[in-house]
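Student: Got a structure for you, written out below as structure tokens; questions coming shortly.
Each reported figure results from applying straightforward, stated rules to the coordinates on display, with no laboratory input. Everything numeric here is computed off the predicted structure, so don't read it as measured data. Cβ: placed from backbone, ideal geometry, glycine included. Neighbour counts: every protein chain shown.
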Amino acid sequence: MGAKFAVDMQRTASLSLSVGNITNPGASQRRHRWFFVQLGAEGTVADNPALWALQRCTTAGTRTAVTPIPLDPADAAAVTTAGEAHTVEPTYTANEILLNVPLNQRATYQWMAAPGGELVVPATASAGIGIKTPTSGLVAVTAQVHFEE
Amino acid sequence: MGARSRGYARIVDPALAKPQESDTITCGHCQKVVHLHDRTGKARSGVLVHCHQCGSQTCVPCAETARCEPFEKKLDQIEARGRLLAAIGI
């Protein structure tokens, strides 16, 4: 059983730019598995629709780095990297959307994988999964992901 | 990666009296997360297909290809390609 980590990704949502992603480094990659995802908005309560999407990507894009936090404080730092609030999009793989969630801004979505049903990222350079939400601007959104590597 | 056991998803919306809940399955071929209940809590029929070759449960689009391509096999192929590209310096 590998080490487990939490990543919190935030941004003021955009119609075209990702909330964040979790990707392999350029070298010494290892498979990682997403087993918990939480999506929501922390802005002022309002009725705005959003379509969240988790999609595979092959590059990290340009982003603000986020350090994965070990769920067990005794674990070493993660090899896998993460980032939020992209200014340049990752390269998304067409037709590789793993999860689509139409969600009102007032609502929060949580998904927990069954053992063996985690979302697995291959151990290749810069491979990962990105989180997109094409919402109206100025809506602050947060995605929380727990993964194992 | 049979993914026979079920995951769990829920939407908490203050406009609703209780959370909307659904069991989920991760497709054994493409890893798409399939929700097994609709937003009223009613079970959705016809959203899963059993693959008789690898024994996994798959989403309908994967089943319609009529090919068995377990995701674990795809992972191995992707990683082998990555190692090859790294070895030749690409």
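Student: When the Karplus curve 6.51 cos²θ - 1.76 cosθ + 1.60 is applied with θ = phi - 60°, which whole-Hz ³J(HN,Hα) does each residue of segment A:35-44 get, with x for Gly and Pro?
Tutor: Those phi angles translate into 10, 8, 9, 10, 10, x, 10, 10, x, 4 Hz.
Student: Taking K and R as +1 and D and E as -1, what net charge do the other residues with C-beta under 13 Å from the C-beta of A:Arg31 add up to? Please report the intermediate quantities before stating the final value.
Tutor: Details: positive: A:Arg30, A:Arg33, B:Lys74; negative: A:Glu118, A:Glu148, A:Glu149, B:Glu72, B:Asp76, B:Glu79.
Computed value for this residue: -3.
Student: What angle, in degrees between 0 and 90 and rounded to the nearest 10, separates the Cα long axis of helix B:71-87 from the longest principal axis of the Cα atoms of chain B?
Tutor: Taking Cα atoms only, the helix is inclined about 40 degrees.
Student: Moving to a separate point now. Could you list which residues have their amide H under 5 Å from that of A:Thr142, counting only those 5 or more apart in sequence or on another chain, with H placed in the peptide plane?
Tutor: A:Gly40, A:Ala41, A:Glu42
Student: Rounded, prolate or oblate: which fits the protein assembly as shown, taking a ≥ b ≥ c as square roots of the Cα gyration tensor eigenvalues, rounded meaning a/c under 1.5, else prolate when a/b beats b/c? Working shown, then result.
Tutor: Details: a/c = 1.65, a/b = 1.09, b/c = 1.51.
In terms of gyration-tensor shape, oblate.
Student: Let me ask you something else. Counting other beta carbons within 10 Å of each Cβ, put B:Tyr8, A:Tyr92 in order, fewest first.
Tutor: Working: B:Tyr8 13, A:Tyr92 20.
Least to most surrounded, the residues fall as B:Tyr8, A:Tyr92.
Student: Follow-up. Rounded to two decimals, what ratio of Rg to Rh does segment B:10-54 give with C-alpha atoms and a Kirkwood Rh?
Tutor: Details: Rg = 13.2 Å, Rh = 12.0 Å.
Here the Rg-to-Rh quotient is 1.10.
Student: Under a 10 Å cutoff between Cα atoms, tell me which one of B:Ser45, B:Ser22, B:Ser56 has the largest fluctuation in the Gaussian network model of chain B.
Tutor: So, out of B:Ser45, B:Ser22, B:Ser56, the one fluctuating most is B:Ser45.
Student: Take the alpha carbon gyration tensor of segment A:4-134, find the square roots of its eigenvalues, order them as a ≥ b ≥ c, and report rounded if a/c is under 1.5; if not, report prolate when a/b exceeds b/c, else oblate.
Tutor: Working: a/c = 1.58, a/b = 1.39, b/c = 1.14.
Verdict is prolate for segment A:4-134.
Student: Oh, and also: Reachable aspartates and glutamates from A:Lys132, Cα under 20 Å, same-chain residues fewer than 8 places away excluded?
Tutor: A:Asp8, A:Glu42, A:Asp47, A:Glu84, A:Glu89, A:Glu96, A:Glu118
Student: May I have the count of lysine pairs in chain B with C-alpha atoms under 21 Å apart, counting pairs 8 or more residues apart or located on different chains? Working shown, then result.
Tutor: Working: B:Lys18/B:Lys42; B:Lys32/B:Lys42; B:Lys32/B:Lys73; B:Lys32/B:Lys74.
The number of close lysine pairs in chain B is 4.
Student: Could you list which residues have their amide H under 5 Å from that of A:Leu98, counting only those 5 or more apart in sequence or on another chain, with H placed in the peptide plane?
Tutor: Excluding prolines and chain starts, which carry no amide H, the hits are A:Leu54, A:Gln55, A:Arg56.
Student: Given points 7 Å out from each Cα along the Cα-Cβ axis, report the B:Leu48 to A:Ala140 separation in nanometres with one decimal.
Tutor: Using points 7 Å along Cα→Cβ, the separation is 4.0 nm.
Student: Once you have a ≥ b ≥ c as the square roots of the Cα gyration tensor eigenvalues for segment B:7-87, tell me rounded if a/c is under 1.5, and otherwise prolate or oblate according to whether a/b is larger than b/c. Working shown, then result.
Tutor: On the way: a/c = 4.17, a/b = 1.89, b/c = 2.21.
Taking the square roots of the gyration eigenvalues as a ≥ b ≥ c, segment B:7-87 is oblate.
Student: Where nothing but the Cβ of Lys and Arg (+1) and of Asp and Glu (-1) is charged, how large is the charge dipole of segment B:1-78 around its Cα centre, in debye to the nearest 20? Don't jump to the answer; show the numbers that get you there.
Tutor: On the way: 11 positive and 8 negative charges, 28 e Å.
In debye, rounded to 20, segment B:1-78 gives about 140.
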